[in-house]
Amino acid sequence: MRDFMLRPTATALWQALVSEAEERSQCRLNEEQESYLVFLLIRFLKHASLGGQPVALDYLTSQTLSGQMRSERLRDVGDQCLLLSGLFPRRAERRRVKTSYFVQLGRSAYNQLSESALNGMGSLYQGLAEGFVDLMDVLHAIRRLDRASPWLEPLEAMELWQDTGSRLARRSLQAVTGATPQQGPPRRGH
């Protein structure tokens with residue numbers, strides 16, 4: 001009888017990576033969110049592009065569509081916003097928008113999907129909208145797994161924490177300053 005060497009599947013490897021990032025970020029995703037994130041990462045790896053045009057245009061285009069086409073476009077917008085805010089926050093900076101812009105746009109796309117989804121998918125998309133910041137934090141932690149330094153500059157972390165409530169951004173501030181950040185008064189325009 002031959003000895004069999006069991007190799008983990010790509011899904012198992014991504015699952016392990018997401019689990020480690022959850023532990024590092026101290027964000028506990030529910031099973032649906034965790035599975036969605038794993039399959040989003042696998043799908044992104046196979047089709048590694050985040051669109052050539054601004055995500056907002058895709059979002060606006062989705063508003064003119066109906067049925068399956070609208071759902072697919074909204075899902076793509078939500079997914080792109082999640083990846084941009086979590087894995088590629090510097091792209092927001094290069095586009096001269098805050099990371100919180102992608103958080104708001106992604107949440108909105110997932111919320112709209114939850115309202116129109118069929119086959120019980122509404123609760124999944126509602127969970128993605130509600131857990132968007134935790135999902136983003138887990139993706140940030142994936143980016144930082146091999147580094148010990150804070151993942152954002154202090155001012156970036158402060159802005160992200162104040163704009164989105166990111167617990168990882170708050171802990172990053174705490175690590176840099178040695179103090180516990182306190183939420184200030186609401187900023188104008190928010």
Fill in: Residue ID - surrounded by the fewest Cβ atoms within 10 Å (Cβ to Cβ), chosen from residues in segment 105-129 that are hydroxyl-bearing (Ser, Thr, Tyr) and under 23 Å from residue 14 (Cα atoms)
125
Response to the item:
Residue hits (segment 130-153; surrounded by 14 or more Cβ atoms within 10 Å (Cβ to Cβ) and without any contact (Cβ under 8 Å) to a residue 24 or more places away in the chain) are 130, 151
Worksheet entry | Residue check, residue 73 touching a residue at least 40 places away in the same chain (Cβ under 8 Å) and either hydrophobic (A, V, I, L, M, F, W, C) or out of contact with any Lys or Arg (no Cβ under 8 Å at 6 or more places or on another chain) (or both) | no
Discussion item. If I ask for residues that are part of a helix (DSSP H, G or I) and more than 18 Å from residue 62 (Cα to Cα), which ones from segment 107-125 would you list?
Written reply: 123, 124
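Rule-based calculations on the coordinates, nothing more; no lab input. Bear in mind the structure is a predicted one, so any value in this text is a computation, not a measurement. Positions of Cβ are backbone-derived with ideal geometry, glycine not excepted, and every protein chain shown enters the neighbour counts.
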